[in-house]
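The values are calculated or read from the model by the stated rules, or taken from the named source; none is laboratory data. Note that this is a predicted model, so its numbers are computed, not measured. As a convention, Cβ positions derive from the backbone with ideal geometry for all residues, glycine included, and neighbour counts pool all protein chains shown. Heavy atoms of the whole protein, side chains included, go into the accessibility calculation; ligands, DNA and RNA do not. Shrake-Rupley method; radii C 1.70, N 1.55, O 1.52, S 1.80 Å.
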Amino acid sequence: MTINKEINKNAKSNLAKLLATENISVEHKKVKTAYFDLKHRLLVVPIWKEMNKDILDLLLSHEIGHALFTDMKEWQIAVDKEKIPHSFLNVIEDARIEKLVKRKYAGLSQIFIRGYRDLIEKDFFKTKNRDVNEMLLIDRLNMHFKSSYIESDIDFTSAELDIVDRMKNLETFEDVKVLAKELSEYCSKEKEE
């Protein structure tokens, strides 16, 4: 992996605005991870010592997915009124928006694969010294979709494979909410066991 210290942040920010199809604000800051502020339409990208082009492109592409496909009002209702756990909603929504942004911009598929490979290699998800197959289902699903489920060697039971398929086929935020509620209940039982 080659580290490119000459990344043109302005060009990347302008490209992000074009892909988001609106004049979002893009900031590069010292934060732990990238995020998209739905209310203020602000995409924040971290400044990391070992940031490379693939990781930056992945982070921008992922957050553009939120800009395009995550509705702030629906998100707030799901978290505040429907009390769906934020972490479950986030993992499942990430899988949905990544699929949708790759569908809209087919050229992004390889960016996601290369970027996540780099993040996994750098142990961004803290899985290097852990057996991913011993993790809770929600965490295994997260890693399965982050590691490009085509390449994933994560084990799932036959019942869990149905959930994997459902997650792969998410289209609407309503689909996300239904699956997040089910997974939240399943994982609380799984945790007790």
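Here are some notes:
One line per residue, one yes/no per condition, for (1) over 15 Å from L108 (Cβ atoms); (2) surrounded by 13 or more Cβ atoms within 10 Å (Cβ to Cβ):
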position	(1), (2)
N10	yes, no
S13	yes, yes
T21	no, no
V26	yes, yes
K32	yes, no
H40	yes, no
P46	yes, yes
N52	yes, yes
I64	no, yes
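- Among the candidates K128, K189, residue that is in a helix (DSSP H, G or I), more than 14 Å from H62 (Cβ to Cβ) and basic (K, R): K189
- The one condition in (1) of a type in the set (S, T, N, Q); (2) open to solvent by 50 Å² or more (accessible area, probe 1.4 Å); (3) within 23 Å of L179 (Cα to Cα) that T70 fails to fulfil: (2)
- Candidates in the range 140-154 are the residues that are buried (at least 19 other Cβ atoms within 10 Å of the Cβ) and among the charged types (D, E, K, R); of these, the one that is modelled with the highest pLDDT is R140.
- Tally of residues being at pLDDT 90 or above and open to solvent by less than 30 Å² (accessible area, probe 1.4 Å) across the range 155-187: 12
- Residue among D71, D94 that is more than 22 Å from S152 (Cα to Cα) and either among the hydroxyl-bearing types (S, T, Y) or modelled with pLDDT of 95 or more (or both): D71
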